[in-house]
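The values are calculated or read from the model by the stated rules, or taken from the named source; none is laboratory data. No experiment lies behind these values; they were computed from the predicted model shown. With ideal geometry, Cβ positions are generated from the backbone for all residues, glycine too; neighbour counts draw on all protein chains shown. All accessible areas refer to the heavy atoms of the entire protein, side chains included, with ligands and DNA or RNA removed. Shrake-Rupley method; radii C 1.70, N 1.55, O 1.52, S 1.80 Å.
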Amino acid sequence: MSERTVAAEGLRKVFHDRDLGDVTAIDGLAFSVRKGELTALVGPDGAGKTTLMRMLAGLLRPDAGTLTVLGIDVARAPQAVQDRISYMPQRFGLYDDLSVQENLDLYADLHGVPMAERQERFARMLAMTDLARFTERPAGKLSGGMKQKLGLACTLVRSPDLLLLDEPSVGVDPLSRRDLWQIVQQLVDGEGLSVIVSTAYMDEAERCAQVFVMHRGRV
């Protein structure tokens, strides 16, 4: 049996809304993810995908249940998880007034990527995303699809053990959407990277080795 990247049991998360009262986003969820594969979380808006992604990234603490990521208890050591993963949320924080290269430099600084590793890493990411021609262009002047590819490149300025992508193709044109998936598949096939992606599209889920369909916070 393959080593597990993620294991969850009885996972629960409730948000307290002043108008709606208690809203259960994750409701007794249990699942496990195999290492070195492309895994999909599929479901409509409100299914709990983003909440689960943020819990996997150590940004939200579970109210009940257990969650381990890369063998680490997320509730006990969220920073230890964050040190080993890369997470691309739906609204990734690119800086529009900075160029493509300056955004890469900034994220490399934030992640503490050694100078000796940057040139080779940047070259690989720029080639993979086909952004090498646009290094001087401000991020704000890129198309939606190119912004998503730059966001992915910034997310991968360091080599993570797990990549989390929260609906990366939303609002992206069909060609750029295809390109994004080709990049992700290349990372899985070529580097054995474990990737968990959330999506509302069944055709995207078809590309994945494991698929978990979510509805109202449950699988």
So, first residue at positive phi and touching a residue at least 24 places away in the same chain (Cβ under 8 Å) in segment 134-157, second residue crowded, with 20+ Cβ neighbours inside 10 Å and in a helix (DSSP H, G or I), Cβ within less than 9 Å, six or more apart or across chains; the pairs are none
How many residues, within segment 57-67, are under 13 Å from the mean Cα position of the chain (by Cα) and crowded, with 20+ Cβ neighbours inside 10 Å? 2
Residue hits (segment 142-159; touching a strand residue (DSSP E or B) at 6+ places or on another chain (Cβ under 7 Å) and of a type in the set (Gly, Ala, Ser)) are Gly151
Over segment 4-56, the set of residues touching a residue at least 12 places away in the same chain (Cβ under 8 Å), touching an Asp or Glu at 6+ places or on another chain (Cβ under 7 Å) and either farther than 20 Å from Tyr87 by Cα or open to solvent by 20 Å² or more (accessible area, probe 1.4 Å) (or both) is Arg12, Lys13, Val14, Ala30, Lys35, Thr50
Run Arg218 past the list (1) in contact with a strand residue (DSSP E or B) (Cβ under 8 Å, 6 or more places away or on another chain); (2) open to solvent by 30 Å² or more (accessible area, probe 1.4 Å); (3) free of Cβ contacts under 8 Å to residues at least 60 places away in the same chain and report the number of the one that doesn't hold. (3)
For a quick check of your reading: which helices (runs of 4 or more DSSP H) sit entirely within segment 128-219 and have at least 2 residues that are aliphatic (A, V, I, L, M), closer than 30 Å to Ala30 by Cβ and out of contact with any Gly (no Cβ under 8 Å at 6 or more places or on another chain)? 174-191, 202-205
Given the criterion closer than 20 Å to Leu165 by Cβ, of a type in the set (A, V, I, L, M) and at pLDDT 95 or above, identify the matching residue among Ala64, Ala77, Ala57. Ala57
